[in-house]
Amino acid sequence: MKERRLVAAEEYLNADEARLACDFLRASGIDAVVSADDCGGMEPPIRLLVAVKVLVREEDLERAKETLRADATQPSEGPDLQP
């Protein structure tokens, strides 16, 4: 069985943003996981020093980056605040 290597598609300072990106990639058909080195949640302040990574398979890296870039350029669909 071929070993599949995971690589960082993006890094975030906020774990919630990383989870949203991970969910977006999964919804787009790209397997992804969040990697946060915070001692299993026991040391949350470590997140201030170390980025939270979204990992994908190496062969999906370019597609994942393109997908995240495309999402970042789309206007968000928030409430209409026009009078």
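The values are calculated or read from the model by the stated rules, or taken from the named source; none is laboratory data. No experiment lies behind these values; they were computed from the predicted model shown. A quick note on method: Cβ atoms are made from the backbone with ideal geometry, for glycine too, and the neighbour counts reach across all protein chains shown.
Take region 40-70 and flag every residue that is modelled with pLDDT of 70 or more and not hydrophobic (A, V, I, L, M, F, W, C). Passing the criteria: Lys53, Arg57, Glu58, Glu59, Asp60, Glu62, Arg63, Lys65, Glu66, Thr67, Arg69. Of note, Ala32 does not satisfy the criterion of being in contact with a helix residue (DSSP H, G or I) (Cβ under 9 Å, 6 or more places away or on another chain), surrounded by 10 or more Cβ atoms within 10 Å (Cβ to Cβ) and modelled with pLDDT under 95.
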